[in-house]
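S.K.: Sharing a structure below in structure tokens format, with a few things to ask.
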Amino acid sequence: MKSITTAEFQKHILSKKIAPVYFLGGEETFLIDDCLKKIERKVNTDDLNREVFQAIDCSGEDIANAVETLPFLTDKRVVIVKMANKLKNADYEIITNLIEKTVDTACLILLFPEKLKNSMSKRKDLINVCLDSKNCIVVDCKKMYEKDLKIFIQDEFKNRNKTVTLDIVQQMIDESGMNLLNLSNEIEKICVYLGKNKQHVTIDDFVKISGFTKEINVFMLTNAIEEKNLQYAIFILEKMLQSGEKSIEILSSIATAIRRLVSAKSLIEEKNYTSDQATEYIKIPPYFDFRSKYIRNLSRYTLKHLKLCLNELLKADISIKTGKTDDVSALENFIFFICK
């Protein structure tokens, strides 16, 4: 049996009876914890019928005894083994027997916080036993790509009877990063702020309640500029200045982003590089859709306009250093020119 995604697990936990064994693995610990909570809610367990082990501090016999212990005043008990990737070699046979010869009155949950594909050679025996067993559900809690993350955020709002636009979803990712725990906390704060009666999240709601769990930084500003998202770029600029960022340092970072755009565009138009070759040359990472997103942003600009931006950069630099105009106006005017 192949592993299932967290989205498939959600359907499983809502529509099917509980499995005897679950293997929750992957590098996204938030998703592992979320799946664990859903299983425990489904079993409707309590502290008397819940036992938790750390694999490095227990033996296979301890786990087996817990699984074979009858539940108290309920149908099933839950036995959780954390850090199952740290199980001692001597305990594998015992755990394998528990997977193959399950007990009707227990649900065994193995938590394996490692990337499954990278772990195959080191823990191939345990993972393969779980994958091959009809008694075990293997859930791959891997890191999400940005497109999956957007669906996750929308679903989390939907589960709370709220709706949100893709623009706000994107801003949440820009500000909180790819960290699911931070995003989940932000979603919860927004929903509490809205209350029960208001269903739709507006940009004003988001700005008022957003805690900026990821520090508003230069990356967010340059990303907004690369997207030609003028309104958001100015919004971030104001937040950065309010937090004490120096104008000349902000300008320097924008200059780096512009030079990188010029370099990539020149390689494509003047040296016949492909978009992938050009973005690889300027060291845009290929993972999490960074490179494909950068290529989309690159198509928004002409080489002629980018070269004119370099001239405007010089003007802005002189304005700030000589005091010809105030720093805020110089930066805003430069961003207006770039994104026009």
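S.K.: For segment 138-205, what relative contact order do you get, as a whole percent, if you take Cα pairs closer than 8 Å and at least 6 residues apart?
M.R.: Rounded, it is 37 percent for segment 138-205.
S.K.: Okay, moving on. Using every pair of alpha-carbon atoms in segment 278-340, split the distances into 10 Å bins beginning at 0 and state the percent of pairs per bin, rounded to integers.
M.R.: 20, 35, 30, 14, 1
S.K.: Highest first, please rank the peptides 88-94, 109-115, 265-271 by the mean number of other Cβ atoms sitting within 10 Å of their residues.
M.R.: Highest-to-lowest ranking by the protection proxy: 109-115, 265-271, 88-94.
S.K.: Taking just the alpha-carbon atoms of segment 1-157, what radius of gyration and Dmax come out, in angstrom?
M.R.: Radius of gyration, then largest Cα-Cα span, for segment 1-157: 15.1, 45 Å.
S.K.: If the limit is 29 Å between Cα atoms, which of Lys189/Lys283; Lys117/Lys228; Lys86/Lys143; Lys86/Lys189; Lys88/Lys150; Lys76/Lys150 go over it?
M.R.: In this structure, Lys189/Lys283; Lys117/Lys228; Lys86/Lys189; Lys88/Lys150; Lys76/Lys150 lie more than 29 Å apart at Cα.
S.K.: Starting at the first residue of segment 242-255, write each ³J(HN,Hα) from the Karplus equation 6.51 cos²θ - 1.76 cosθ + 1.60 with θ = phi - 60°, in whole Hz, x for Gly and Pro.
M.R.: Per residue, the Karplus-derived 3J(HN,Hα) values read 5, 7, x, 5, 7, 4, 5, 6, 5, 4, 4, 5, 4, 4 Hz.
S.K.: What does a probe at Lys196 reach in segment 135-165, counting residues whose amide N is under 20 Å from the point 7 Å along Cα→Cβ?
M.R.: Taking a point 7 Å out along Cα→Cβ of Lys196, the residues of segment 135-165 whose backbone N falls under 20 Å are 157-163.
S.K.: How high is the relative contact order of the chain? Use alpha-carbon pairs under 8 Å, at least six apart in sequence, and give a whole percent.
M.R.: 15
S.K.: Rounded to the nearest 500, what is the chain's calculated 222 nm mean residue ellipticity when only DSSP H runs of at least 4 contribute -39500 (n - 2.57) each, over all residues?
M.R.: The helix contribution divided over the chain gives -18000 deg cm²/dmol.
S.K.: Give me the extension gain from Lys293 to Phe219: residue separation times 0.36 nm, minus the current Cα-Cα distance, reported in nm with one decimal.
M.R.: This chain segment gains 25.2 nm when fully extended.
S.K.: Then there is this: Give me the percent of Cα-Cα pairs in the chain that sit more than 37 Å apart, rounded to a whole number.
M.R.: I get 38 percent for the Cα pairs in the chain exceeding 37 Å.
S.K.: What distance in nm separates the simple spin-label points at Ser15 and Lys340, each placed 7 Å from Cα in the Cβ direction?
M.R.: 5.6
S.K.: Can you give me the distance in nm between label points at Leu131 and Leu308, each placed 7 Å from the Cα along the Cα-to-Cβ direction?
M.R.: 5.6
S.K.: Separate question: Averaging sequence separations of C-alpha pairs under 8 Å and six or more residues apart, then dividing by the length of segment 6-140, give the relative contact order as a whole percent.
M.R.: With pairs under 8 Å counted, the relative contact order is 37 percent.
S.K.: Between Glu40, Glu146, Glu249, where does the largest GNM mean-square fluctuation fall for the chain, given springs only between Cα atoms within less than 10 Å?
M.R.: Glu249
S.K.: Rounded to the nearest 0.05, what FRET efficiency do Glu269 and Thr29 have when you use their Cβ-Cβ distance and R0 = 45 Å?
M.R.: Rounded to the nearest 0.05, the efficiency is 0.50.
We did not get these values from a lab; they are worked out from the coordinates using the rules stated. Please read these numbers as outputs of a predicted model, since none were measured by experiment. In this analysis, Cβ positions are derived from the backbone assuming ideal geometry, glycine residues included, and neighbour counts consider all displayed protein chains.
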